[in-house]
Amino acid sequence: MRAPVKAVAAVVVIAGVALLGIFAWFRGYIAAPLMLPATGDVFVVERGDTLRRVAGRLADRGVLRVPAAFAAYGRLSGRAERIQAGEYALMPGDTPAMLLNMLVQGRVKLHSITIVEGWTVAELRKALAAHPAIRQTLEPGTPAELSAALGLDYPHAEGLFFPETYRFARDTPDVELLRQAHDLLRKRLDAAWVGREPHAVLAGPYEGLILASIIERESALDSERPEIAGVFIRRLERGMRLQTDPTVIYGLGDAFNGDLTRRDLQTETPYNTYLRRGLPPTPIALPGESALQAMAHPAPGDSLYFVATGRGDGSHFFTATLEEHNAAVARYLANLRQRVE
């Protein structure tokens, strides 16, 4: 009887050693780096994909060794059915264990888009449409139609999206990004309005947004924006026309050819602040944080006019009287001629 017992014992020992060997190999396998190029790789898990199918595709791409072992690892850990669809980025050094964690946690690759200060809604929608990772759901239309499609509180969508960099997963719909940008705009506008310097000339936050959009388009220098805001506030308080070129250009729309003429300044539109008193009916662009803060905290002073210096740095001359303004215009023209020469 001893011989059979010894044989069984030997088999058990051999099996145990083999199992330990398999276990050791398996541990080494899930901790070994995937086969990735130096730049990494990106792959997509489709809705309804099984872990086995994903493993097979990765093996076909040369990323994953022994796909059956990876699928078994998912089953043995109880997570094979919990992988999430999406686009994933793999980087050198990632292992099968890290890969499975990524799939189960849904740590998808994030794309980004930057909404630029001073863009119009038309420019924003063009950028969204050009982004390959954004799903297009909205039909082309006017700012009024966009506002209706998004269910916004205002009848016109111009100016209602905050300039910022937004990160998102592939196939995020354009509607979702626009709503995020609108929600952030509302928060920033409300905060600026609540903390503003008290003055009665602006009837509410929306008029503050309109003014901020004009400030945004009038200067790229953050340092000048409070002074520009002060000029516009004082002109509104005195019943003077704002006489600001960006509103005229916005009102002209596609008819503007890039060169603002005297005829343009005399063309009647709801946005021509050379012909109409007060603010235009809507914002004319997307104002950033510095423009909102300038609207809320206009610089004190007596300036009623400003004109570009012509130095090429975006700066302006600020003056209190028409006589001083005319002299500043002459200085602007002289500086411009000097730069050309």
Within the stretch 211-230, identify whether any single residue is surrounded by fewer than 20 Cβ atoms within 10 Å (Cβ to Cβ), of a type in the set (A, V, I, L, M), touching a helix residue (DSSP H, G or I) at 6+ places or on another chain (Cβ under 9 Å) and modelled with pLDDT of 95 or more, and answer yes or no.
no
Qualifying position, being in contact with an Asp or Glu (Cβ under 7 Å, 6 or more places away or on another chain) and of a type in the set (Lys, Arg), among Arg188, Arg235, Arg225, Arg196:
Arg188
In the stretch 300-341, what residues are over 27 Å from Glu197 (Cβ atoms) and acidic (Asp, Glu)?
Asp313, Glu323, Glu341
List, please: which pairs have Cβ atoms under 9 Å, are six or more places apart or on different chains, and start with a residue in the stretch 246-271 that is in the same structural domain as Ala220 (by TED's automatic domain parsing) and without any contact (Cβ under 8 Å) to a residue 40 or more places away in the chain and end with one that is loosely packed, with under 10 Cβ neighbours inside 10 Å and part of a loop (DSSP other than H, G, I, E, B)?
Gly251/Glu268
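Do we have Phe161 as part of a strand (DSSP E or B) and surrounded by 14 or more Cβ atoms within 10 Å (Cβ to Cβ) here?
Judged against the criteria, Phe161 is not a match.
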Selection count where residues are among the aliphatic types (A, V, I, L, M) and either surrounded by 16 or more Cβ atoms within 10 Å (Cβ to Cβ) or not assigned by TED's automatic domain parsing to the domain that holds Asp183 (or both), scope the stretch 123-149
5
Looking only at helices (runs of 4 or more DSSP H) that lie completely in the stretch 32-142, which have at least 2 residues being among the charged types (D, E, K, R)?
51-60, 121-130
With respect to Tyr332, is the statement that it is part of a helix (DSSP H, G or I), among the aromatic types (Phe, Trp, Tyr) and either within 27 Å of the chain's Cα centre (by Cα) or under 29 Å from Thr120 (Cβ atoms) (or both) true?
yes
Scanning the stretch 70-122 residue by residue, those among the hydroxyl-bearing types (Ser, Thr, Tyr) and touching a Phe, Trp or Tyr at 6+ places or on another chain (Cβ under 7 Å) turn out to be Tyr88, Ser112
Ser112 being touching a Pro at 6+ places or on another chain (Cβ under 7 Å) and hydroxyl-bearing (Ser, Thr, Tyr):
no
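The values are calculated or read from the model by the stated rules, or taken from the named source; none is laboratory data. All of these numbers come straight from a predicted model, not from anything done at the bench. So basically every Cβ, Gly included, is an ideal-geometry build from the backbone, and we count neighbours across all protein chains shown.
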